1. Over 19 Å between Cα atoms, which of Lys251/Lys306; Lys55/Lys105; Lys57/Lys251; Lys55/Lys138; Lys138/Lys199 qualify?
2. Using the basic label-point model (7 angstrom from Cα toward the beta carbon), what is the Leu313 to Glu293 distance in nanometres?
3. Any idea how far apart His336 and Asp136 come out in nm if each label point goes 7 Å out from Cα toward Cβ?
4. How much of the pair distance distribution for the range 99-142 lies past 16 Å, counting alpha-carbon pairs only, in percent?
5. Figure the gain on full extension for Leu34 and His255 (residue separation times 0.36 nm, minus the Cα-Cα span) and round it to one decimal in nm.
6. Roughly how many Å is it from the Cα centre of the range 22-67 to that of the range 249-280, as a whole number?
7. Find out how many positive minus negative residues lie around Ile87, taking Lys and Arg as positive, Asp and Glu as negative, among other residues whose Cβ is under 13 Å from that of Ile87.
8. Say R0 is 41 Å: what FRET efficiency, to the nearest 0.05, do Thr117 and Asp153 get from their beta-carbon distance?
Amino acid sequence: MLYVCETPSDSVDMSFVPETMCLHRLARMPYLALPTVPHCQVTYIWISPCGKFPKGKTRTLDSEPQSVADVPRFNATLWIDDVLTEITLVPVRMFRDPFTRDPNKLVMCDALDLQGTPAQFHRRSECAKAMEEVKDQKPWFGFEQEFTLMALDQHPFGWRDDPYPTTRTYYCSHMGLEKIWGRDVSLSHYQACLYAGVKISGITNEGGPAQWEFQIGPCEGIELGDHAWTARYILFRVCEDFGVIPSFHPKLFDHPLWSSDGHMNFSTEAMRSPGGLTRIHAAIERLAQRHMEHVALYGDEHNNRKRMIGGSLSSAFDTFSWRTASRSVSVRIPGHVHSEGRGYLEDRRPPSDCDPYVVCQALVETCLPPPGGHNGEDAIL
């Protein structure tokens, strides 16, 4: 099946007049200040057919839902094989709406096709099934989402010079107008996520101009994907207000020092317990055996080969490696985890445009095999 991806964020149609893409946002403030009514606006969020960015639509409910179970199903349309078809949106997690505020809601949704089965492009159902099978091991995840803020002229926001910067360290975690662009955007997104109830745990500016990162987690099981995709949706909405475009493209420019990643931290209850470092090492051995499978699942090979070149901040595409306190490897054991003898591992291979559902599912299916394990080995990590 061919899924059409409508206007992804890294391919903007500049035939539109820029002013039409960023109307004066203060104009809506009087309407947000209107007295509340007994009705509730609910925005349904789902993943686009290409799997690269979130979509959303809003409807009115007669009263405020008290839980996601109170939110009815909805429908949406998409193109498959050049035919317009319909999917059913199934609410799975509810958040406060930081844009229209209480009592309005955002709901992350699963997607069903016309036969009532999970849509092929929407990977949440598969991930949820995998998490259910290993829930007794309490898998936790933390996601590091890197992105670049783009101006409408397709340059990084605030950057106009050519050639592009020659070092990442000039920008990473720095301050000052000559080094950092887009802080207000990142801080506004941070605050909006906290208001919504998204488990955002921090932000930092990254190595490129207008390149930022936010962190999601720790989250247990399927929760990580729900919160990460909702955070992405909120980022797109915040960027609309600032007149910039968020890009999750992992390799925007052919520059050896400029890439965007989606590192995933992973642990089980046994890994977090005393002596857990042994369990972490066992998980890494299993990841090494299925390295190329994971790389293929995580993202586009062309972009990943350009991104994963080895060196100070990335691992090699074709070769699995791991080390303590190193960022040039496939999997990292943080220094404090090694010192304490327990904690988590960091999978540094996923790109910034990965599907968190896919990454989390791959990690538990490789590291936490079903009872009996691979070749009879202990399945409990």
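Values in this text are rule-based calculations from the coordinates and carry no lab data. Note that the coordinates shown come from a computational prediction; the quantities given were computed from them, not determined experimentally. All Cβ positions, even for glycine, are placed from backbone atoms using ideal geometry, and neighbour counts span all protein chains on display.
1. Working: Lys251/Lys306 7 Å; Lys55/Lys105 15 Å; Lys57/Lys251 30 Å; Lys55/Lys138 30 Å; Lys138/Lys199 17 Å.
Exceeds cut-off: Lys57/Lys251; Lys55/Lys138.
2. The two pseudo-label positions are separated by 3.1 nm.
3. 3.2 nm
4. 59 percent
5. Length gained between Leu34 and His255: 74.6 nm.
6. Centre-to-centre (Cα) distance: 33 Å.
7. +1
8. For Thr117 and Asp153, the calculated efficiency is 0.40.
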